[in-house]
Every structure is written in C-alpha cells, then in structure tokens.
Amino acid sequence: MDVTIHSAFLPHDDPDTALAFYRDVLGFEVRGDAGYGGMRWITVGPVDQPGTSIVLYPPGGNPGVTDDERRTIGEMMAKGTYAMITLSAGDLDGLFERLEARGAEIVQEPMEQPYGVRDCAVRDPAGNLIRINELR
C-alpha cells in the first residue's frame, strides 16, 4: 500500500496576510486560490514538492460549525492554541534567519531538544504554531 500526505489544513483569519506569509516569508508557491461566499481557500506548498500542500482555510467556512464553536475557534486562534504543523529544513539556521529578518513571530530559536531533534518555532499571522525540524 502506497499512502502519502497530499495536504494538511491550517486556518487563516486574513487570507491576504496568510498568503503573504506562506509565499513571501516561507517561500512556498501558490497552487490554488479559490473563493466562495466571501471566503478563500488558498493552497500553497514547497516548490520542489508538488504532491504535498497546505490548504489555508477559513475556519468558519464549514456549515456544520455553530456560532459558539466559531467563537471558540477564534479565541483559540488568537491565543495560538488551535492548530500547528511541523516542517523540516536542511539549513535550519539559514531558514530561521530569513524568518526572523522577514518579521515572523519567533516562539523559539533553534535549539537541541531533549528528545533528539534540533528545531525552532514561529507563529504564522493567524497564530498557528509552525515547528521546523532540522534534517539530519
């Protein structure tokens, strides 16, 4: 059985700001930008990995989400506790310097973790935690 990850979903609260971060700060390419009912779903991904994408989505876009749930999601996004993703990079220090220089919100500078990974962490404009592991 050959199973791969096609896409992961991260919420956004401002599509233009999310697009600028993932395209201009992380350097991902835009693969899709679809709108419906005043909302946008933006698909981005690493240039050299066409089969793997992140879909930036409006968390209130699901018709099954209640108004109370939308408020809770908004509160959690504002605190940075709603969603996260882990990426990896061959040059962690170089990527971290680029993220810092381009104004990314720094959560943790590159460091060795007690569980054997060297990583750093930033937040995207919607508050999503992005951990970045160093490839070894």
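The values are calculated or read from the model by the stated rules, or taken from the named source; none is laboratory data. Note that the coordinates shown come from a computational prediction; the quantities given were computed from them, not determined experimentally. Positions of Cβ are backbone-derived with ideal geometry, glycine not excepted, and every protein chain shown enters the neighbour counts. To get the accessible areas, we keep the full protein, side chains included, count just its heavy atoms, and leave off ligands, DNA and RNA. Shrake-Rupley method; radii C 1.70, N 1.55, O 1.52, S 1.80 Å.
See the values below:
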{"read-out": "From THR17, THR4, THR43, THR86, residue being within 19 Å of GLY127 (Cα to Cα), β-branched (Val, Ile, Thr) and outside any strand (DSSP E or B)", "value": "THR17"}
{"read-out": "Residue pairs meeting the criteria (Cβ under 9 Å; at least 6 apart or on separate chains; first under 13 Å from GLY60 (Cβ atoms) and of a type in the set (Phe, Trp, Tyr), in region 70-97; second open to solvent by less than 80 Å² (accessible area, probe 1.4 Å) and in a loop (DSSP other than H, G, I, E, B))", "value": "TYR82/ALA126; TYR82/GLY127; TYR82/ASN128"}
{"read-out": "Selection from region 77-116 of residues that are among the hydrophobic types (A, V, I, L, M, F, W, C), more than 20 Å from ALA20 (Cα to Cα) and open to solvent by 40 Å² or more (accessible area, probe 1.4 Å)", "value": "MET111"}
{"read-out": "Every residue from region 38-49 that is open to solvent by 40 Å² or more (accessible area, probe 1.4 Å) and either basic (Lys, Arg) or touching a residue at least 12 places away in the same chain (Cβ under 8 Å) (or both)", "value": "MET39, ARG40, TRP41, VAL47"}
{"read-out": "Flag for ARG70 being in a helix (DSSP H, G or I) and in contact with a helix residue (DSSP H, G or I) (Cβ under 7 Å, 6 or more places away or on another chain)", "value": "yes"}
{"read-out": "Members of region 63-74 that are surrounded by 12 or more Cβ atoms within 10 Å (Cβ to Cβ) and either modelled with pLDDT of 95 or more or more than 27 Å from LEU99 (Cβ to Cβ) (or both)", "value": "VAL65, GLU69, ARG70, THR72"}
